[in-house]
Each structure stands twice: as C-alpha cells, then as structure tokens.
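**Q** Can you keep this structure in mind? I'll have questions shortly.
The values are calculated or read from the model by the stated rules, or taken from the named source; none is laboratory data. Every value quoted in this text rests on a predicted model; they were computed, and no experiment measured them. Using ideal geometry, Cβ is built from the backbone for each residue, glycine included, and neighbour counts are taken over all protein chains shown. Side chains included, ligands, DNA and RNA excluded: accessible areas come from the protein's heavy atoms. Shrake-Rupley method; radii C 1.70, N 1.55, O 1.52, S 1.80 Å.
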Amino acid sequence: MIDNQSRWIEAEGGRVHYLIEGDDKGRPVVLLHGASFNAETWKRIGTMAALAGAGYLAYAVDLPGYGQSSPAQGTPRTWLWVLLDLLKIEQPVVVSPSMSGRYSLPLVTEEPQRVTGFVAVAPVGISSYKGQLDRVTAPVLAVWGEKDDLIPLEQADLLVNSVRQGRKVIIPGGSHAPYMSDPAAFHEELLKFLGELT
C-alpha cells in the first residue's frame, strides 16, 4: 500500500504535482479536477481514501497552472496522454469533472484504448466532441448534480446515448460539483461503477 504521498514530474515543459494513494497493484484511477479545485480536493473529501480502501490505486493530478503544478507548454489535447506515458499508468479509469473535460475528452475519443472507464462529472466540451463520442470504447458513467446550472443535463444524455456502454446518475440536490455537495453519494456511485468493470 502506498500512503497518501505528494509527488512531482516534468511533463510538456511544466512541473506537474500529483497525489498517489492505494494498492500499487490495484486498478489505477486518475482524478482530474474543475477550475475551482485541485488535487488536494480529492484528499480532503475522502475520495483518495475511499478508492485506496477499496483496493484501487488513486492518482489525483493538479492540472497545468492549478494547485502546485506550473503552466505547461503543451496543449490540453495531448497533455493527459503524455502524463499517463510518463507515469506509466496503463488503462486507468479517468474521473473528469467540469473544466478537465478539455483534457479527458481528447484522450477518450482519440486514444480510446488507453482507458478502461470514464467517469464524466459534468465535463465541459461534450457537444464539441459530438461527432467523435461514438469512438469511446470504455464504459462511461455520467454523473450530474440535480441542481447543476452550468452544464445542462442534456449533455449527459448526449454522452451516454453516443457511447457503446454508458449510464447516467443524478446526485439529488447536487451542485455542478456533486462530489462536493454530497461526497458519500458520489463515492458510492464511483465505487459501484468501478466494481462493474471487468
């Protein structure tokens, strides 16, 4: 077991900070974040501990220019798969809220074989990838807060109806960041989804 640790790596001309916790032989789960948050958020609300406790290896990443990561010279389109290569993370489940859709959607549509699951927490950019969503091969869980006033619920429907295997979960009373308004409900749905993956 890896205790919650802070680590750094150079990627795309910038210094990337990330947290790691869990079973080093467990399925990797990469946690991205929205514009108001950072890697530390996932530690604070207990997501890292919940994943580690269930036998997974959790990585919470500070995106370029956020948290303790410096800005990068690369583009969001390629940044995430470069990072996965550098960290030697093979076929993770990617959890992508809000702004981080700019990083995750290029990966799951252009390099679909790289991931084994995609947890889309009201990510930005779904409609921009409308014509490419059918390329997503991994199972998809779309998680929306009931009271999300930023990304319409229709975007969740567009996503799950476009992919081969997708389902939608609405967190009752949840905000645009439903993992913040009800961490327990979010963790329950996340672990359930992870348990369904082969």
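**Q** Quick one: work out the % antiparallel among DSSP beta bridges in the chain, nearest 5.
**A** On the way: 13 of 35 bridges.
Counting DSSP beta bridges with both partners in the chain, the antiparallel share is about 35 percent.
**Q** For the range 132-195, which trypsin sites (Lys or Arg not before Pro) are both in a DSSP coil and crowded by at most 16 other Cβ atoms within 10 Å?
**A** Sparse-neighbourhood loop trypsin sites (Lys or Arg not before Pro): Lys147, Arg164.
**Q** When ranked by the protection proxy of mean other Cβ atoms within 10 Å per residue, highest first, what sequence do the peptides 172-183, 113-124 form?
**A** The most tightly packed comes first, giving 113-124, 172-183.
**Q** Taking only the C-alpha atoms, wrap a convex hull around the range 100-150 and report its volume per residue in Å³ as a whole number.
**A** Details: hull volume 3.8 nm³, N = 51.
Enclosed volume per residue, from the Cα hull, is 74 Å³.
**Q** How much area per residue is accessible in the chain when the probe is 1.4 Å and only protein heavy atoms are counted (Å²)? Walk me through the numbers on the way to the answer.
**A** On the way: 8440 Å² over 198 residues.
Solvent-accessible surface per residue comes out at 43 Å².
**Q** From the Cα trace of the chain, what convex hull volume per residue do you get, rounded to a whole Å³?
**A** With only Cα atoms used, the chain gives 99 Å³ per residue.
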